[in-house]
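Each reported figure results from applying straightforward, stated rules to the coordinates on display, with no laboratory input. Keep in mind that this is a model prediction, so the values were computed, not measured. For neighbour counting, all protein chains shown are included, and Cβ atoms are generated from backbone atoms with ideal geometry for every residue, glycine included.
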Amino acid sequence: MESGFHGSDLDSSLKCKLEESGMANTHAIMEKAVNWFRSRSIFVVAYGTGCGAIEMPPTFTSRYDAERMGVVGVATPRQADLIILSGYLAYKTLRRVIRTYEQMQRPKYVITLGSCPINGGMYWDSYNTIKKLDDYIPVDVYVTGCMPRPESVIEGFVLLQERIKNGEKAGWQKYDENLKFYKDNQKRVLGGHIDPSYETDWYNLENGGVA
Amino acid sequence: MIFQIILLIMLAYVVGFIYFGLYRNILARIQGRYGPTIYQSFYDSIKLFSKKNTVNYGWMFYLGPIIMATGAVLTLILVPVFSDSDFLRSATSQGNLFVLLYLMVLGPLGNALAVGTGGNPFGVMGVVRGLTRLIGLELPFYIAVVGLIIAANSSDIVHIIDMQKTGGLNIINHPLLFIAAMISMVGFFGESPFDIPGAPQEVYSGPRTEFSGKFLALLMSQGSLFAFAKLVLIIDLFLGGADSLWMLVLKTLAIFVTIIFIGVVYGRYKVEQAVDFLMKIPTLIALLGLARVIWFG
């Protein structure tokens, strides 16, 4: 049965069991419920690139209070559902952003602020910034403006929540499906390998950091 | 018996999470915000339980949250919930206060083993801070509990509750022990000024840094279970227990709100400041209370 909820996150064996017992509908209903809970609880890792970083403190603190919509900042990408990239990205930053994005656990989403991640913005002819972020990691919601006010950022959250609630196909699914496309683009600007590698031993960096 | 234990865990899960939602609301109001809904912690928990897990550090790492949850559940089922009825008290006769005191530190120790295996520097720093703080936290609380055991001449919690029905509440008879235990409880709840293990601006999430998805959800759930168990333990020891569900909610809420209000007013101590303070002031108060129990009864 085509449920319309792409990239189901419920255990696939559970799905099989439910389908065997003729309860595929139950799965769709559970998926819908889980999507609702997901939309109500978004943990954010705010990666402050460019000028937009300054818009995030008022969004999350007393003035605009994103927590009332269940949007909370967390300290590590391991716990995050959403990464906010708040402006232009230099190649150097892109490495870190990719690493952070790949550490996040699925389902995960990306919001960018400003026009620079869309087409380069005022850095359109810069030698060391990327022009279109969507070529390197999939972007779910662009919040435009230079810079967007916290109201616009919150509107971006609401849009993302709607899309999660409706079970629409998200960026991380595109990333998984078109991994070669994204990895090729990343290699084109960053070179062959993305350092530091995932096996880095932080206690023995002087030995090359090999675990 | 199994049915009662499951019912108790469900009750603690719901009450603990609603209290945590209330905590987030009160904190938001104090900071001039609206804050999330009171059910926000349920949303977070269900979302985290439905997340995928694609990192692996070996089995010891993932045993940490399970050991913590075991400690929380065992503490929960050993604490008598209602003072008059045997309902939800199925396992209470199996243990006494000494077992409880041991189980209360089982979680942090298990977590320390796990986080050490993970090797994240922030996690390790958080654990070291947590265990250092635990030295300071345990001392006044243990002295207070020993004082109560001497006063009641028994280490059975049910007996301590029964004593309070005839002899007056322990909060009135032994106020010094209560104050010492409450200062410890502020730390056991991870509130300021003793919130050093997971200090957000210093060690990120502390011990939780590397945990994600289902394991973070398990940590959150055991936190709510354990919070409920600790609140019930305090009202059993000092406020004469609760004879009905309303009394239980009222008394635990009073203790919980007191702890929150202490937490939101104070800033955070450094590690050595916290241990220094805990080893001096609350320990001294607890020792005075103990001396009063020994010499004046």
query = Residue by residue, what Karplus-based ³J(HN,Hα) values in Hz, rounded to whole numbers, does segment B:181-189 have, using 6.51, -1.76 and 1.60 with θ = phi - 60° and x for Gly and Pro?
reply = 5, 5, 4, 4, 4, 4, x, 4, 7
request  = Per residue of B:24-35, count partner chain C-beta atoms within 10 Å of its C-beta, then hand back the mean as an integer.
outcome  = 3
key: chain B, dipole about Cα centre (Lys/Arg Cβ +1, Asp/Glu Cβ -1), debye to the nearest 20   = 700
note = The number of Lys pairs in chain B whose alpha carbons lie under 17 Å apart, excluding pairs fewer than 8 residues apart on one chain, is 6
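When you have a sec, figure out the Kirkwood radius of segment B:154-254 from all distinct Cα pair distances and drop it here in Å to one decimal? Working shown, then result.
Working: mean 1/r = 0.0645 Å⁻¹.
This gives a value of 15.5 Å.
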ask   = With N residues in segment A:98-175, what two-decimal value do you get for its Cα radius of gyration over 2.2 N^0.38 Å?
value = 1.15
inquiry  = Restricting to DSSP H runs of at least four residues, report the calculated mean residue ellipticity at 222 nm for the protein assembly as shown, -39500 (n - 2.57) per run over all residues, nearest 500 deg cm²/dmol.
reply    = -19500 deg cm²/dmol
query = Say the dipole of the protein assembly as shown comes from +1 at the beta carbon of Lys and Arg and -1 at that of Asp and Glu; which of B:LEU8, B:PRO197, B:ILE179 then lies farthest toward its positive end?
reply = B:PRO197
ask   = Amide H to amide H under 5 Å from B:ASP195: which residues, 5+ apart in sequence or cross-chain, H placed 1.01 Å off N in plane?
value = B:TYR269
message = Run the Debye formula on the Cα coordinates of chain B, all scatterers equal and no solvent, and tell me log10 I(q)/I(0) at q = 0.07, 0.12 1/Å.
response = -0.26, -0.79
task = Take peptide B:73-83, look around each residue's Cβ out to 10 angstrom, count Cβ atoms belonging to other protein chains, and average those counts.
result = 0
request  = Compute the projected area of the convex hull of the Cα atoms of the protein assembly as shown, averaged over all viewing directions, and report it in nm² to one decimal place.
outcome  = 26.3
remark   = Computed ³J(HN,Hα) along segment B:156-171: with the Karplus parameters 6.51/-1.76/1.60, θ = phi - 60°, integer Hz and x for glycine or proline, the list is 8, 5, 4, 5, 4, 5, 5, 4, 6, 5, 9, x, x, 5, 5, 5
task = Over every pair of different alpha-carbon atoms in segment A:41-207, take the mean of 1/r and invert it; report that Kirkwood radius in Å.
result = 16.4
remark   = Counting only residues 5 or more apart in sequence or on a different chain, those whose built amide H sits under 5 Å from that of A:GLY73 are A:VAL44
query = Considering every residue in A:38-48, what mean count of other chain Cβ atoms within 10 Å of its Cβ is obtained?
reply = 3
task = Add +1 for every Lys or Arg and -1 for every Asp or Glu among the other residues with Cβ under 13 Å from the Cβ of A:GLU67, and state the total.
result = +4
Cβ-based net charge around B:GLY136, under 11 Å, with every Lys or Arg adding one and every Asp or Glu removing one = -1
query = Roughly how many whole Å is it from the C-alpha centroid of segment A:98-134 to that of segment B:1-20?
reply = 45
